[in-house]
Structures are given as structure tokens and as C-alpha cells.
Amino acid sequence: MPRLVVRQWHIWRGPRAAIGTLRRPQRSVRPAIAATLRSYAQQSTPSSKPFPTLRPLDSVIIIPGTVKDVQPDGLINYINPVPPEKVTKDTFCVVLVTPSFAPWILNDEFFLAKAIRRAYSKAFTGAAEGLTIQALAAVVDKLPAGRAISSGDTMDSVVSSRSLEPPVGDTGYEGIAFVTLPATASIQTTSPKSPDKGAIDFVLSGERAGQSTSHNTWRLPLANTVFQTGTPTTMHLSKWSLSRAARSLELEEKTYISHHGVDITAADKTAGQPISALSIPLLPLTLPRQVEGCMGNIIRSVLNQNEESVTASSELETVVPQFFKSRGEPPQPTTAWALVLPRSLRVKIVTETMKLLTKRIGRKEKGLDLSDELWERLWRSDPTAWNKLVSNALGEGARLHRVLSGGGGWGKKAGLLSLDPVPVSEEVPIRMEDATSGFDGPGDFSTALTPVVQDGDAIQFFVSPTPIKTADIPEHDELEKLKSTPKGNTWGWELGTIPSSVDSIPGDSWQHVSSASKYAAVFRHSFGALTEGGMTLTRRLSVAPGEPLSTLATTTIDVPYSRVWTAKVLSKQGAAEDVVNQDLAVQVPKHCYETIVIERSGY
């Protein structure tokens, strides 16, 4: 078997080398594209110009120390009223609650009416004739704690840290989240195929010099509320009108829905470009391999390092046991993910993967045989020291798929890999049974499966060695951890994934333990939700003003502890008019001002 001898980082040979000898390309291998490509963390030279500021989101996340005997009034008081100058503009509010509070949004007068009336209490002191408020209320799995931005941080450091350091082990909290937005933030979107799988679409849009508009939609599944409300999911849209006679907002209509959209970047006078960070905690198991035979979501063969055709599952079956052995762990069922790469990305991702490996070469190790050792060093590395390999690849057209099954079987079905073409809502471990036992050959696949791999694509395998949070952590320690979390200067939207709790005992978390304490952690200017299912990212682009949006790619992100964070930069006018408390304004370097999430065409 050929071995790896490291002499220079750009020369690589060995059992996991993708294409024999890899040299730094003299010219870019990526084709020209119509739109500008921007990654989540844009790198450029800092500017000496005055820094703009982040827009303070009119929102709050409230996490009570216990969900036992909590009354609505005790939490509603933490909702700040909308300022009088915004009452007639920010007329859309979103209320997210976790399953323990699901019954609260069924009885309007018990909770929702009180929350809305407090939020818009300033409407009764001004000229707000004909005021109508639209409210979206939904039940999600968990809420994130707001993550603070220190006064000395730059936006470069914030984006970098949130891209590389996901909150591993943070499975979220029970609580309530409330936000007020412009009326244009409420958008109708297409319903999921199954009405039992309700979801909220969070839309992040941006413009590039008036030439193109990108819309990136993060679909976040709702919580299963069968045991709380009697329905698979719970979400409703209601309309409230101002009654001056009663000096109150009264319910006009209410509709239970399975799906709705929220435009995070709804246009207003303070709108600036969004700044975002995406973290996906995955470690590579292999280098990219060119796919040779595939049909639907089934991959039959790939080309190995010697450009020889091998069964698709052969390398994965070898490296998974090696992964556990390198970490001193016994072999166990696990979950793997496949990153499907367009032809134009293959060399770049090989290079980026090589950089991850060669960072672990000591000064005195050049010339040594390190074919397996570098991979083992990477796998043994601190699990919180993640990388941006997957998130950057997604920004350039790659797609992420969970591996459903692989290996096993014989004859035509030997060594096949099955990839998940749609979002999944639970952990699906790799098993060596052949999931394609119902098919006799590729001819059957084409009529039953959605294509996920195109000719010329490459595939790279990843694993998430994230530690799963256990239930043996004392409740006192968890509460103290929450209390010590910084509450000031928390900013922006945060969406993410957490491990499934389908096998957990309901009400077994520390928040369900009775406590005499009335403590509640309050994170202002933050809003978001966490899901036990996978988020679906759909990227659309309009290359010219007025032209319709075209879908570029859709991918599933169901890796536990993945997070996407975004905040909006204030325009100069907005900074002067909208930020009253300047000590709350987070300073943003000028070179981050135009960062846009994933904008690309041509693949």
C-alpha cells in the first residue's frame, strides 16, 4: 500500500490521497460566475473608517429557572413595550414557546393577549387609528441562550468565533421568545408536503450593489406537540385591532396553520446588509472522491486515490473503526454525513482538507511517514476546535446529506451507499444492512429516488464526534451556569439543531424540577429557536432587479449543535435615529459591512 511522506504541504501521496499528487493550482479552477460569491466570514483588509453599528433587535428570550408553577404575568413583564415611534410600523410579532408552554398559546386571554397588549401598550398614547397587529405563535423544541458580544470584540472576531466554536453540549432551554418586526416581515410560503410536519421559514436576503438579490431560506421544523395540544404541531396566525373605547387590542381572527415565513431582513429605514456566521461541527473522515456510478440517492462506486473504481462504501467501512480506535473508544453505531461537491470545488476542498491535516505536522517531522498519523491527530483533536470546511463548501454550491446505510449485500447491491435526499427528524445511525434490498438494479432506482449526485460530482465523508449532554449533571450546576451566562450585549438571530430527545423521559430536565427560586434569565435583542430535526437551507438568487428568483441549491443541515447566527448592520441614518442607548451599540468594522450569506450562480 502506498504511504504518505510529508515533504511539503502541497505534495501528498497515500491511501487517502484523492488524486495522487496534488499541487497548488497556478490558476483558479473555478469558472466565472455571474454573481459575486461571498462566504459567511468574508476576509478582507480592515478599514480605518468609522465603524457602523448593529441594529438592536426589539426582542427578548426568557428562560425561567423552573417551568413548575410559572404564571404568564411573571414572564410577560420582561417584554419591553414597542417605542411610540415604532408602534405603527413594527406591527408583526412572533411568539415562540417550548412544549412546556404549548397550552399557553391555545388560550388567547391566558397569555398571548396579555403579551401583545404589553408590547403595544404605547399605542394607546399616540395617534394609532386603525392599528392592526398580526401575531405568529408557534411551539418549537428549545430556545438558545443569547450569546453576548464583548465591547472590545470586532465583528471579524465575532464571526470567526461563531463559525469555529459552536455551543457544543448546549441542548437549549425551555422558555419564551418574543420579537416585533415590520409588517413586511410576515410572508406567506409554501406548505410542507406533509401537514404533520409544520415549519417556519426564516428568510435572509441581501443585495449586491443593486445588481443581484439573494434569498436564503432556513426552514426550521416545529416541535411535536401531540402530548401537549393533541396536534402534531402547533402554530397559528392571528390578527388584533386597536379598540380605543376599550383602550385595548382585541382579537379579530385566528387561523391554525402548518407553515409561515419570517423575513429576517425585512426592509425598513435602518436596514443594512446582514452579517452571518454558520457553524457545523463535523470532522472529515476522508478526502473527496469522484463519484463514478450513481442513481437517485444511491451511490455505487467512486474513484480511489489511484483513480481505480471501488465500491462506494469500502473506504467508509475502513475509516469508521479507525476513527473510534484513534480516540480510544470502542466501535459503535454512529452517524456519518456526505458532502457532495460540484466538479469545480473538488480541488479546492482537497486543498482545504490538506491544510487541516498538515497543521498538525511538527517542525521535525518532515520526511516522516505520516499517512495515518495525521488523520488520527485530527480525529483526536479537541472536539470544540471545529473548522469551516463544510460551511464554506455549502456557500459555494456543495450539499450535505446524511448517510442512511452502506455496505452489506452482494452481487449488484454490494458496497452501495444510500444518502438521505430530504430532511430527517431523528438520529439515524450507520448500519451495514443494505437499505436497497427492495431493488434489483439501478433501473429501479430512477423511478423511486430523487437524484442527489450529478455526473462529475465528488463526495467526502464526515463524522460528528460531539459529546452528547447527559442527564447526570446536577440541576444546581445547570442553573448556576445559566445565571452566570452574560446577559448584556446579546444580539441577533440564532437558529440551530440539537440531538433528538425521543428516547428521553418527558419532563426529566433540570428545568422541570420544582424550585422555590423565581429566577429567569432574560436575553434582550436576541431571538431564535432550536430544532431536534434538520434545518433545510434553500438558496435563491435574482441576478438583476425585477427578475424572478431562481433556486440554486437546497441542502439539509441536521448535524447536532449546528448554528446559524445573523445580525443586521445599521445604515448611518438608522444608527443616528434608531439606537438611543449608544452603550448598547456593537461596533462593526467597515470591511464587514457588506457581508452577505451565500450568494452564487452558475452551478
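Points to keep in mind about this one:
- Flag if residue 243 is of a type in the set (Gly, Ala, Ser), at pLDDT 80 or above and surrounded by fewer than 22 Cβ atoms within 10 Å (Cβ to Cβ): no
- Selection status of residue 338, small (Gly, Ala, Ser) and in a loop (DSSP other than H, G, I, E, B): no
- Condition check for residue 321: in a loop (DSSP other than H, G, I, E, B), touching a Pro at 6+ places or on another chain (Cβ under 6 Å) and over 30 Å from residue 199 (Cα atoms): no
- Residue within segment 183-204 that is at pLDDT below 90, of a type outside the set (Ser, Thr, Tyr) and within 27 Å of residue 159 (Cβ to Cβ) present: yes
- Residue within segment 130-152 that is of a type in the set (D, E, K, R), assigned by TED's automatic domain parsing to the domain that holds residue 73 and at pLDDT 90 or above present: yes
- Members of segment 514-573 that are surrounded by fewer than 20 Cβ atoms within 10 Å (Cβ to Cβ), out of contact with any strand residue (DSSP E or B) (no Cβ under 6 Å at 6 or more places or on another chain) and modelled with pLDDT of 85 or more: 519
- Counting the residues of segment 283-297 that are crowded, with 24+ Cβ neighbours inside 10 Å and either among the aromatic types (Phe, Trp, Tyr) or closer than 17 Å to residue 557 by Cα (or both) gives 1.
The values are calculated or read from the model by the stated rules, or taken from the named source; none is laboratory data. What you see is a predicted model, and the numbers here were worked out from it, not measured in a lab. No Cβ is skipped: glycine too gets one built from the backbone with ideal geometry, and neighbour counts run over all protein chains shown.
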